[in-house]
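**Student:** First, the structure itself, so that you have it in front of you.
The values are calculated or read from the model by the stated rules, or taken from the named source; none is laboratory data. These numbers come from a predicted model, not from an experiment. Glycine also receives a Cβ, built like all others from the backbone with ideal geometry; neighbour counts cover every protein chain displayed. In case anyone asks, the SASA skips ligands and DNA or RNA and just uses the protein heavy atoms, side chains included. Shrake-Rupley method; radii C 1.70, N 1.55, O 1.52, S 1.80 Å.
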Amino acid sequence: MPRQVPGGGKSLRQVVWDLPVRLFHWLLAALIAFSWWTVHNHHTDWHIWSGCAILTLLIFRILWGFVGSSTARFASFVRGPSAIADYWRGRWAGIGHNPLGAVSVLVLLAAVAIQVGLGLIAEDEDGIYLGPLAGLVSTDTSDKARDIHELWFDVILALIALHLLAILYYRLRGKKLTVPMITGRADVAPGTSPMRPGKWWMALICLAIGIGITRWIIAGAPPFGS
Amino acid sequence: MRSKLLAASCACVLLAACGGWKSGQANSAQGNISKDNRPPATAKASVVTNNGMANSMVMLAVPLPKDRALQVMHVRHEGMEAIGDANKAVHRALGSSDIGTVRANAAKIAQLSQQASTWFPAGTGPDVGKTRAKPDIWQSADDFAAKLRGFQTAARALQLAAGGNNVAAMNARFADLGATCKACHDKYRAEENH
């Protein structure tokens, strides 16, 4: 696997992750843990709120992937198979998600989105709690959604394990990934084009849209639902 | 600027979680249900055969014959599932103010809740067969019996409310009922094993 500092040039500490990306990342991690804890400790109501908060985060992140800082944009990091192959052979230089990491980002986002979608239409086994959109589907569908929701968490756990293993692997090869995700800064080879930061107000707009859509869904997605 | 954005974002994500999805969450429902303290006679008789320590002694000394125990456990499982199905039907019907469906299923729950008095004889715990009923049921027999009575009372209250046309009242009684399900399940039902 390649190091990001070719030719022994003096590396510079630069911003690679903007604040919205870092906040998204750590809030998502915290809320997934919280969701797991609440559902195993008889706090189904908090579990549903947690899922709604994750939904807001997901919508925000997708929008930020189009209008955010350069390293947050899908267009800048999602690449084809040949770019992934090049990366694997050590021919890649840049900041942000590498072409292989991009696959991991998309898969994780998709897996969490599926989990949220299942939760939205699920109901608990006693019929005490309904997901915000459960009224749009039949009881049978809600019950099936809950079963798959439970099983799908294992998929998410496996992806999280893979994510952590990859971080450990890079660490063993001398590349620290965790600290930059906290501070936003990493050592970058000279000559690498720096991150173009997004506008803070654009982040707030993305967040407002995320909250708006989430609240609409919490209301049962009228006029389709209650 | 950074810290402002951070604070604003956190606040907003939290705010997003401040609407109200529809559910029969029970706000302070627990207080309401136990006003009616008339215990259905059957509950007391069959669940609490003895008090405290004596009860577990009885369980050890005179266990139900295994085939009979498994039979009860099967009836219990089917009954609980039927209550769950009826509860789900009520929940959805309340969402669409379908009073007829609420009425029919509330009656079903009330009826099954009375039968539930016979579902937990000593010797039908997880040591006998596959069940999520925890042994605590027979170790805290008085508390369990009280919770079962609370459930029966709440089920009857929903049935009465469903006899009228006040959907708000039905929603309130449904929330009370859900709280009695949860109170017992949180304490006495083991997690599902896959």
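**Student:** Residue A:150 passes all but one of (1) touching a Leu at 6+ places or on another chain (Cβ under 7 Å); (2) modelled with pLDDT of 95 or more; which number fails?
**Tutor:** (1)
**Student:** So, in region B:132-154, how many residues would count as being touching a residue at least 40 places away in the same chain (Cβ under 8 Å) and within 13 Å of chain A (Cβ to nearest Cβ)?
**Tutor:** Total satisfying the criteria: 2.
**Student:** Right, something else. Looking only at residues in region B:155-187 that are more than 12 Å from chain A (Cβ to nearest Cβ) and within 24 Å of residue B:121 (Cβ to Cβ), which one is least open to solvent (accessible area, probe 1.4 Å)?
**Tutor:** The residue in question is B:155.
**Student:** OK, next. Count, please, the residues in region A:60-82 that happen to be open to solvent by less than 50 Å² (accessible area, probe 1.4 Å) and part of a loop (DSSP other than H, G, I, E, B).
**Tutor:** 3
**Student:** With respect to residue A:148, determine if the residue is buried (at least 18 other Cβ atoms within 10 Å of the Cβ) and in a helix (DSSP H, G or I).
**Tutor:** no
**Student:** To continue, here is another question. Which is away from every other protein chain (no Cβ under 11 Å), farther than 28 Å from residue A:206 by Cβ, modelled with pLDDT of 95 or more and open to solvent by less than 60 Å² (accessible area, probe 1.4 Å), of A:110, A:102, A:122, A:85?
**Tutor:** A:85
Listed here are the residues, each with its yes/no results for (1) within 24 Å of residue A:29 (Cβ to Cβ); (2) modelled with pLDDT of 95 or more; (3) part of a loop (DSSP other than H, G, I, E, B); (4) open to solvent by less than 40 Å² (accessible area, probe 1.4 Å).
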| position | (1), (2), (3), (4) |
| --- | --- |
| A:179 | yes, yes, no, no |
| A:190 | no, no, yes, no |
| A:195 | yes, yes, yes, yes |
| A:198 | yes, yes, yes, yes |
| A:207 | yes, yes, no, yes |
| A:211 | yes, yes, no, yes |
| A:214 | yes, yes, no, yes |
| A:217 | yes, yes, no, yes |
| A:223 | no, no, yes, no |
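**Student:** So, in region B:71-82, of the ones that are touching a residue at least 40 places away in the same chain (Cβ under 8 Å) and either more than 14 Å from residue B:133 (Cα to Cα) or more than 14 Å from every other protein chain (Cβ to nearest Cβ) (or both), which residue ends up surrounded by the most Cβ atoms within 10 Å (Cβ to Cβ)? I'd like the intermediate steps shown before the answer.
**Tutor:** Going residue by residue through region B:71-82, those that are touching a residue at least 40 places away in the same chain (Cβ under 8 Å) are B:72-73, B:75-77, B:79.
Filter again for either more than 14 Å from residue B:133 (Cα to Cα) or more than 14 Å from every other protein chain (Cβ to nearest Cβ) (or both), leaving B:72-73, B:75-76.
Numbers: B:72: 18, B:73: 23, B:75: 14, B:76: 19.
Applying the filter and picking the extreme gives B:73.
**Student:** Of (1) open to solvent by 50 Å² or more (accessible area, probe 1.4 Å); (2) closer than 29 Å to residue A:152 by Cβ, residue A:57 satisfies all except one. Which?
**Tutor:** If we test residue A:57 against (1) open to solvent by 50 Å² or more (accessible area, probe 1.4 Å); (2) closer than 29 Å to residue A:152 by Cβ, just (1) comes out false.
**Student:** The conditions are (1) more than 21 Å from residue A:28 (Cα to Cα); (2) free of Cβ contacts under 8 Å to residues at least 12 places away in the same chain; (3) among the β-branched types (Val, Ile, Thr), and residue A:141 fails exactly one of them. Which is it?
**Tutor:** Failed condition: (2).
**Student:** Let me ask another. Report every pair of residues separated by at least 6 positions or lying on different chains whose Cβ atoms are under 9 Å apart, first residue within region A:173-196 and β-branched (Val, Ile, Thr), second open to solvent by 80 Å² or more (accessible area, probe 1.4 Å) and modelled with pLDDT of 95 or more.
**Tutor:** A:178/A:171; A:179/A:185; A:182/A:26
**Student:** Hey, another quick one. Restricted to region A:38-59, and to residues that are part of a helix (DSSP H, G or I), among the polar types (S, T, N, Q) and without any contact (Cβ under 8 Å) to a residue 24 or more places away in the chain, which residue is nearest to the other protein chains (Cβ to nearest Cβ)?
**Tutor:** Of everything passing the filter in region A:38-59, A:50 is nearest to the other protein chains (Cβ to nearest Cβ).
**Student:** Would you be able to say whether some residue in region A:218-226 is away from chain B (no Cβ under 11 Å), without any contact (Cβ under 8 Å) to a residue 60 or more places away in the chain and over 30 Å from residue A:122 (Cβ atoms)?
**Tutor:** No, every residue in region A:218-226 fails to be away from chain B (no Cβ under 11 Å), without any contact (Cβ under 8 Å) to a residue 60 or more places away in the chain and over 30 Å from residue A:122 (Cβ atoms).
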